[in-house]
Amino acid sequence: MEQIIDKYRGDSTAMIAILHDLNAAFRYLPREALEIVSDRLSVPLSYLYSAATFYRSFDLEPCGEHEIQVCLGTACHVRGSERILDALSRRLGIKPGETTADGKFTLKRVNCLGACALGPLVSIDQKHHGHLTIHQAERLLEAYKDEHD
Amino acid sequence: MSTLVEELACERVRPETDHRILVCGGIPCRSLGCRLVKEALEEELQKEGLTGRVPVEIIGCIGDCSLGPSLIVYPEGLVYQKLAPEDARAIVREHLVAGRIVEALLHRDPRSDEILRQREEMPFYREQARLVLRNCGVISAHIDDYLKYRGYAALALALAEMNPEQVIEEVKKSGLRGRGGGGFPTGRKWELVRTAHSDEKFVICNADEGDPGAFMDRNILEGDPHSVIEGIIIAAYAVGAARGYIYVRAEYPMAVHRCREAIAQARQKNFLGDNILETGFSFDLEIRTGAGAFVCGEETALISSLQGTRGDPKPKPPFPAQKGLWGKPTLINNVETVVNIPLIILHGSKRFAELGPEGNRGTKVFALAGKVNHTGLVEVPLGTTLRKIIFDIGGGIPNNKKFKAAQTGGPSGGCLGVESLDLPMDYDSLREAGSIIGSGGLIVMDEESCMVDLARFYLDFNQDESCGKCTPCRIGSKRMLELLQKITEGRGEEQDLEILEQLALLMKNGSLCALGRTAPNPLLSTLRLFRDEYLAHIKERRCPAGVCRSLVRPWINPELCKACGLCARVCPAEAINGEKGVPYEIDLEKCCDCLRCLKECPFNAISQGGISRAEAVD
């Protein structure tokens, strides 16, 4: 925590970089952490929250152990990615943006992963799985669950 | 005399005679395991005692993503494609040791069945004019490789022999326009910043590639970061800036990493820092990452974000050229724009202006994706027809489906239909046709794509990305999205189209920044070209392309169902329940829309779009 703030030597313009580092360290932005940043950089807490809620990269709730990203870029969309999102959402019993009750999986929709040739594309823990059908996506999830149980 | 494109291609024929393997490291190839291929190659090389004699490097994207994982073997320049780690053995033993080409791993043209050995023989590359992408997939991102191909020669030339005004004059004469979407003449923008009075000025390279379907900035930053850096330094010299930033999307960690390394290398060679090449000019460059907000591609929002706050846009004027970062004159250029600069300086504006029609000089990189055989970055002279890009270069539509439309310019752009296939793709022609070039996203759609759904998709995106500061955009996009949802769910009314058009006009005229002003474009262009499709959704509660879920989901007509149970047996999702004598029902929560039940039912009791029809009956 201290290390992250010290890295930027109290530079308030580095706020977004600090939030990035905190989000990576805690897998979300805990209120306590933001309070410390607010204190150290002498910026109001509301100012930090205004940025934290504005940018998609930051989470205000703890993320699950495994992050599932379904790419909803245009190329993936025209190849049916929304149905894959629906299928995964049904299988996990959560809506996009939510985390399963056991804290294992977070399901997210992302704008574009920049791998349009592979669409429809799902990324689990940063590993890309391309050209998926609904059934393959469901099987992928099951295999992942088994592997990490 | 050869063209600039030919000259650059000739320069890039490798002078060395030694073997060297460059593995494509574009995102699709990385996802498909290019690293494993590299490791397997290294292992085989070791077995043959060739370790260290044949370098294997992962570079930026080679180009045609449908061939991945792929690699190029030099000095022959052969492309081996669709590789698995097991193929490493053949490449090392056959090609490198025995000197026999492994034909099974070469690309075969699906149309002529001809074996294509080199990149230049493939239709995907043959028809391109790779100026901006001159180094992508040819060299590694390391400065030593870049220097072999006249890297930083343009910078040296500009600093030694030209004053800033001459540099600006040259860029103005080239006719280069901003490649990020606006299309504003680059030289004029530079002049505005040059002539603004201030003790301090800044240069920002906009690499916040937000169009969900464009990936050229990412590939350039990953594959050829030094061309970007060289272009930025020349721009800084021309406008008189001492500090600069590259603002990159946080979603592109590899691009950030490669740029950081490249900046460090450039600093070490004194292309960046104090007294560059002992000319008295000093300039330094830093990387700043975004945090996932589309609006930050807009200049004033980008500046807000760079200053460490929410990425809120500001009214213009004042323009960033007058009052930008920290209130100082600031030049903001897109990645693709700055990569053109070293070429213009080194080869002269006249050679550059040979490409493209009057007012639209140079090339444009398109990110070709969607329903097309060859996905990847395609660079062509401005003014090239859509037909040539999609059919000659992209290899046409998969599965013999019919071309329906191409979407250009992403969430701010519009659609081009069959009648626009022979339209020259340049800034002005596209604007006249109701779309824009934008940052170069080009999504191809076939007969199975629903244009109403596409409009809904983009509005959903824009509504989600609206920063909420101005009312027309915040509320307008929400209301429009609700109406489009209503239509795609089969609950639309004819008057909705009029309301949509009115709202679109309000948003266009009343929004604060370009996001809101252009957000209605996908809707307006699809409504103009495919009004019939909207009407089919509204009047007949039917989605002609079979995409909109509420209109295509299966429904068992209880009056026709004989309760034979066949549908329940073929359903892979176990979504159909029933018992003897009682009509079966589909649990839509579980249903995966495979429509197997529909095909199996012997009594034609199952049809699509039943939900909305059932509702309509109620």
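Looking across the stretch A:29-52, the residues that are within 14 Å of chain B (Cβ to nearest Cβ), surrounded by 12 or more Cβ atoms within 10 Å (Cβ to Cβ) and not aliphatic (A, V, I, L, M) come down to A:S38, A:Y47, A:Y49, A:S50. Tell me, which residue of the stretch B:277-297 that is in a helix (DSSP H, G or I) and surrounded by 24 or more Cβ atoms within 10 Å (Cβ to Cβ) is farthest from the other protein chains (Cβ to nearest Cβ)? For the stretch B:277-297, the residue satisfying everything is B:G297. Within the stretch B:41-89, the set of residues being free of Cβ contacts under 8 Å to residues at least 12 places away in the same chain and either small (G, A, S) or crowded, with 20+ Cβ neighbours inside 10 Å (or both) comprises B:G49, B:G52. Of the helices (runs of 4 or more DSSP H) lying entirely inside the stretch A:1-106, those containing at least 1 residues that are of a type in the set (D, E, K, R) and closer than 24 Å to B:D208 by Cβ are A:2-7, A:15-26. Within the stretch B:339-347, not a single residue is touching a residue at least 24 places away in the same chain (Cβ under 8 Å), assigned to a helix (DSSP H, G or I), within 14 Å of another protein chain (Cβ to nearest Cβ) and β-branched (V, I, T).
When B:G468 is tested against the conditions (1) away from chain A (no Cβ under 14 Å); (2) free of Cβ contacts under 8 Å to residues at least 12 places away in the same chain, the lone failure is (1). Residue pairs whose Cβ atoms lie under 6 Å apart, sitting 6 or more positions apart in sequence or on different chains, and linking a residue in the stretch B:133-146 that is in contact (Cβ under 8 Å) with a residue 40 or more places away in the chain and within 14 Å of B:E57 (Cβ to Cβ) to a partner that is part of a helix (DSSP H, G or I) and of a type in the set (D, E), are B:I139/B:D145. For the stretch B:90-107, the candidate set comprises residues that are farther than 21 Å from B:P123 by Cβ and in contact with an Asp or Glu (Cβ under 8 Å, 6 or more places away or on another chain); within that set, the residue that is surrounded by the fewest Cβ atoms within 10 Å (Cβ to Cβ) is B:R100. What residue, of B:G468, B:G546, is modelled with pLDDT under 95, within 29 Å of B:L442 (Cβ to Cβ) and surrounded by fewer than 22 Cβ atoms within 10 Å (Cβ to Cβ)? On inspection, the qualifying residue turns out to be B:G546. Among residues of the stretch A:115-149 being assigned to a loop (DSSP other than H, G, I, E, B) and either of a type in the set (K, R) or away from chain B (no Cβ under 11 Å) (or both), the one that is surrounded by the most Cβ atoms within 10 Å (Cβ to Cβ) is A:P120. Within the stretch B:589-600, restricting attention to residues that are assigned to a loop (DSSP other than H, G, I, E, B) and touching a residue at least 40 places away in the same chain (Cβ under 8 Å), which residue is farthest from the other protein chains (Cβ to nearest Cβ)? That would be B:L595.
One residue stands out in the stretch B:178-189 among those that are more than 17 Å from the chain's Cα centre (by Cα) and surrounded by fewer than 24 Cβ atoms within 10 Å (Cβ to Cβ): the one that is nearest to B:Q322 (Cα to Cα), namely B:R188. Looking at B:E278, B:E299, B:E222, B:E209, just one residue is out of contact with any Lys or Arg (no Cβ under 7 Å at 6 or more places or on another chain), in contact (Cβ under 8 Å) with a residue 12 or more places away in the chain, assigned by TED's automatic domain parsing to the domain that holds B:R179 and acidic (D, E), and that residue is B:E299.
Take the conditions (1) surrounded by fewer than 18 Cβ atoms within 10 Å (Cβ to Cβ); (2) away from chain A (no Cβ under 14 Å); (3) assigned to a helix (DSSP H, G or I); B:T300 misses just one of them, which is (1). Tell me, which residue of the stretch A:9-27 that is under 19 Å from B:G290 (Cβ atoms) and more than 10 Å from chain B (Cβ to nearest Cβ) is surrounded by the most Cβ atoms within 10 Å (Cβ to Cβ)? Looking at residues that are under 19 Å from B:G290 (Cβ atoms) and more than 10 Å from chain B (Cβ to nearest Cβ), I get A:L22.
The values are calculated or read from the model by the stated rules, or taken from the named source; none is laboratory data. Only a predicted model underlies this, so the values are computations on that prediction, with no experimental measurement involved. Using ideal geometry, Cβ is built from the backbone for each residue, glycine included, and neighbour counts are taken over all protein chains shown.
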